[in-house]
Amino acid sequence: MPKSPFLREAQARGLIFQCTDLEALDAAMLTGPVTAYAGFDPTADSLHVGNAVSIMILRLLQKHGHRPVALMGGGTARIGDPSFRDEARSLITAETIAHNIAGIEKSLRQFIDFSDNRALLTNNGDWLNKLSYLDLLQDVGVHFSISRMLSFESVKQRLDREQGLTFLEFNYSILQSYDFRELHRREGVTLQVGGSDQWGNIVSGIDLTRRTEGKQVFGLTTPLVTTSSGAKMGKSAGGATWVREAKLPVFEYWQFWRNTEDADVERFLKMFTDLPVEECERLGALEGAAINDAKKILATEATAICHGRAAAEEAAETARRVFEQGAATAALPEVTIPAATLEDGLPIFRLLQDAGLAASGGEARRLIRGGGARVNDVVVSDENLTVSAKDLQNGAVKLSSGKKKHILVRPA
C-alpha cells in the first residue's frame, strides 16, 4: 500500500490502472510536491464525461499539494492520436484548433484551480510548431526503435486493420514523447498521467527523458471506464455528454449521472465525486428503491464539481419537482400531442418522432436499438412499445433521447 496521500486515495478510488514504478513515485511524492501533466487533444470545443477520469486525477493531485499541468495538444492535433482507432482522424485547421483550445480551457477551469500558479495551462504548439524536421530526427529520432514502437498494442491493432497506420500518425508517439521531455525541462514535470490507451506513448516519453536528461520520471494510467452494460463512459447513441453548459444544459448533465446503472453507483461515486471513500461504499451498498437516493447524491455531487453547488442543487430540485410532484418548469421543454392520438396508444418510435427527438421513424427505431431512448427514465428496449393517455404520470410523459435531450409530452 502506498504511503503518500495522493497515491493512497487514488488507489482507493480506483483511479490507477498502471504505474511505471509505484514505489519510486511514492517515495518522490513523500519527499515533496510533484509536477504532473495530462494531455488533452482539441478535437472539440469542450471536454466531455469521457475525459472525466483524467480531470479527476489532476484534481486529486492538486488536493494533495502537487502541481497539475494541463497540456493542450495544439501541435499534435495537426496529426491526431492513432491509439486504438480504426482509422485516421480527419485533419483539422489551425483556426478550428485555436477555437477548440479556448473551449477546452474553459472546461478545465470548471474543475481545477489555476490561480496563484497552483496549476498550469500550456500548449504543445508553442514548441512543436517551431521544430525543424531534421533537428527533430537528429535530436530525438535516434532514441526510438522501430521494432519497439511496432510492439505497442495500439500500433499492432491498427496495422491489422484494413486502413493501416500512416507515416504521419506513426510520428504521434515521438511528438508526445518530446512533450514530456520539454515539460520536464520547462516546468520540472516528472509524471505523466493519461488513459490506459496512452501507455505506449507514456513509456516512450519516459524512456526519451531518461536517456537525454538522465533523470527519473514516471508514468501513471487511469482505467478505461465503461458501464456495467459495456457502454463507453459518457457516450450514447446520440453523442457525448459535454461538461460545458454552452454545449449541454446543467439539468441534462445532472440527469446523465442520475441515470447511472445500479451496479456502477459505488464505483462512479468513488471516481467522480469528492465524497469520502467510506461514504461512497455505504451509498453503493444500498439496495432496492434506496439506490435511487444514492444516484441522486452521485448526480448532485458530480454536477457540483463541474458546474458549482448552487447549479447542482437547482438541477436536483428541478428533477424532484418534475418527476416527483409533476410540476412543469422552464428547464424541461414541452410538446403537446392530440389526446385522440394517444387514446389507443402511440408507438414509441412515432412518439419520439412527433416530439421532435428523432427526425424520422427510422432514426427513432435506431435510437431505441442503441439504448438511447427512455420513457420516464426507463430505457426502452421494444421499438413497438405503445404509450397511451393512461400511461402519462401526472398528465405528462417524460421522453429522453440519446442526444441527452429531455422533454415532457402532454395531451392537447
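The values are calculated or read from the model by the stated rules, or taken from the named source; none is laboratory data. Keep in mind that what you see is a predicted model, and the values were worked out from it rather than measured. Note that we place each Cβ from the backbone using ideal geometry, even for glycine, and neighbour counts take in every protein chain shown. The area values use the complete protein model at the heavy-atom level, side chains included, leaving out ligands, DNA and RNA. Shrake-Rupley method; radii C 1.70, N 1.55, O 1.52, S 1.80 Å.
Structure values in brief
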quantity: Qualifying residue in the stretch 309-326 (condition: at pLDDT 80 or above and within 18 Å of Met56 (Cβ to Cβ)); calculated: yes
quantity: Leu342 vs. criteria assigned to a loop (DSSP other than H, G, I, E, B), farther than 24 Å from Leu60 by Cα, open to solvent by less than 20 Å² (accessible area, probe 1.4 Å) and modelled with pLDDT under 95; calculated: no
quantity: Only listed residue being out of contact with any Leu (no Cβ under 9 Å at 6 or more places or on another chain), open to solvent by 60 Å² or more (accessible area, probe 1.4 Å) and either of a type outside the set (A, V, I, L, M, F, W, C) or in contact (Cβ under 8 Å) with a residue 60 or more places away in the chain (or both), chosen from Asn117, Asn100; calculated: Asn117
quantity: Listing of helices (runs of 4 or more DSSP H) fully contained in the stretch 154-252 that carry 2 or more residues being modelled with pLDDT of 90 or more and closer than 19 Å to Cys19 by Cα; calculated: 172-187, 199-213
quantity: The listed residue being open to solvent by less than 40 Å² (accessible area, probe 1.4 Å) and assigned to a loop (DSSP other than H, G, I, E, B), out of Leu275, Leu298; calculated: Leu275
quantity: Some residue of the stretch 258-265 being free of Cβ contacts under 8 Å to residues at least 40 places away in the same chain, of a type in the set (S, T, N, Q) and at negative phi; calculated: yes
quantity: Meets criteria (within 21 Å of Pro223 (Cβ to Cβ), modelled with pLDDT of 90 or more and open to solvent by 10 Å² or more (accessible area, probe 1.4 Å)) for Lys270; calculated: yes
quantity: Residue selected from the stretch 120-141 under the condition in a loop (DSSP other than H, G, I, E, B) and out of contact with any strand residue (DSSP E or B) (no Cβ under 7 Å at 6 or more places or on another chain), by the criterion least open to solvent (accessible area, probe 1.4 Å); calculated: Val140
